[in-house]
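Scroll down for the structure; my scribbles are underneath it.
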Amino acid sequence: MNDVQSSNSMISSNNNYFKSSKSINELVLRLGQKNFEEIHIICQHRDAKRKIPRSNPFLIQADIKKQVNRHDNITNIKFSRQDKLIFSTADPVCAAQILNLEKIQETPVSTGVTFENITERFLIFDIPTNLRLSELADEIMNKNDMEVVELRRFVKLNSTQEFSLVLVTILGTFLPDAIKIWFTNQKIRQFVDRVRQCLHCYEFTHATRVCDKNLCPLCGVNHEGQCQGPEKCILCNGPHSATSKICPRHTVEQKILEFKCRNYLTIGEARRLYTQSSKTHYSDAAKINTTAPNIEEIVNQRVESIVQNITIKMEQQTTLLIEIFQKTIENLVQYLVTVFHQTDLKKSPNRKRQMINLVPPTNNPMQWDAGGSNASD
């Protein structure tokens with residue numbers, strides 16, 4: 001689906017493609033019952049070759065107030081790079097009134113809505129190829145709280161396969177885990193656009209039909225005949241062709257598309273936001289890399305300082321403990337000496353008297369013979 005769908009686009013339905021018969025205004029009004037963040041309406045000159053003139057913003061605001069009753073719900077108005085007016089609002093009624101605009105300051109305009117911001121896309125599997133997509137749309141809407149906007153079958157031309165994938169676009173930005181069709185819970189998968197590359201210059205930002213270059217995918221040079229030079233990617237200067245999926249630019253483009261689908265953005269918004277985010281991350285990484293040697297030196301200095309401080313404190317604590325131990329030993333020795341001295345020299349009279357009484361009394365003096373035995377007369 002294109003980024004902007006015109007309000008007067010044709011309704012079509014066949015075996016490989018189905019589009020809702022409801023008008024864009026009716027679909028926008030039904031958003032009041034769905035999940036979404038904001039509606040973006042595009043106003044451009046009715047003549048595709050001309051542009052809306054940029055005038056005084058106050059005059060544009062005054063003109064919009066006259067034509068849109070719920071103008072207080074307009075959150076933003078801005079000019080795009082292609083000189084188109086972009087209205088933003090979260091009110092479906094206000095969006096429907098903007099879609100009805102036919103002139104802005106006497107300039108004839110056509111309006112459209114950016115469906116990427118208000119729809120969700122997913123894949124369902126094993127759908128019979130002989131089933132009409134209009135019947136599948138009715139089944140999805142009757143069995144689930146969904147409003148089908150578009151169905152597209154993925155099948156090759158003149159294929160005889162009996163089953164195929166179907167891409168479903170529904171109104172709102174809520175994606176369930178499964179849907180119920182034919183009394184079964186059918187698992188679904190969010191759809192992410194595949195990388196599309198210009199086949200003339202191999203850039204990702206435009207289609208092949210608008211490119212006037214004709215470069216070789218192998219060497220990146222405009223030449224005739226078979227390429228004789230070494231492979232050199234024109235996008236990243238790597239040793240591979242410009243169409244190789246190992247190219248870093250191809251990987252970045254795939255991430256941008258995933259970012260687009262998961263955040264309900266247009267490809268232009270997704271590319272701009274992703275590029276800004278990448279530049280921020282790169283600048284942060286560059287700052288870290290340039291300061292890495294200084295950080296290492298600072299860390300080494302601080303570690304040495306901490307070790308030195310710990311060593312000094314340990315020495316001080318050890319010295320203090322030795323002094324305390326020496327004083328304790330000295331006090332203990334002095335105490336023991338005092339106790340022994342008092343025990344030997346300061347015995348009480350009572351104890352002395354008791355010790356004398358323990359010796360038995362006798363009138364014969366004690367004599368010792370040469371053999372060391374006692375003898376009496």
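Computed packing ranks the peptides 60-68, 90-98, 209-217 as 90-98, 60-68, 209-217, most packed first, by mean other Cβ atoms within 10 Å. Measuring between alpha carbons in the structure, the pairs from 232/260; 19/51; 78/103; 19/143; 143/187 lying more than 22 angstrom apart are 232/260; 19/51. Altogether, the Stokes-Einstein calculation at 37 °C and 0.692 mPa s, with the Kirkwood radius of the range 28-116 over Cα pairs as Rh, returns a diffusion coefficient of 248 µm²/s. Electrostatic bookkeeping for residue 27 treats Lys and Arg as +1 and Asp and Glu as -1; over the other residues with beta carbon under 12 Å from its beta carbon, the sum is +1. Between residue 82 and residue 224, the C-beta separation translates, for a Förster distance of 35 Å, into a calculated FRET efficiency of about 0.45.
Taking 0.692 mPa s as the viscosity and 37 °C as the temperature, the Stokes-Einstein diffusion coefficient of the range 1-158 based on its alpha-carbon Kirkwood radius rounds to 189 µm²/s.
Entry note: the range 69-211 has Rg to Rh equal to 1.06, where both radii use alpha-carbon atoms and Rh is the Kirkwood radius. In plain terms, the chain from residue 33 to residue 188 could stretch by 53.6 nm, reckoned as 0.36 nm per residue minus the Cα-Cα distance.
Every number here is computed from the coordinates shown, using simple stated rules; none is lab data. Values in this document were obtained by computation on a predicted structure and should not be read as measured data. Please note: Cβ atoms are built from the backbone with ideal geometry, for glycine as well, and neighbour counts cover all protein chains shown.
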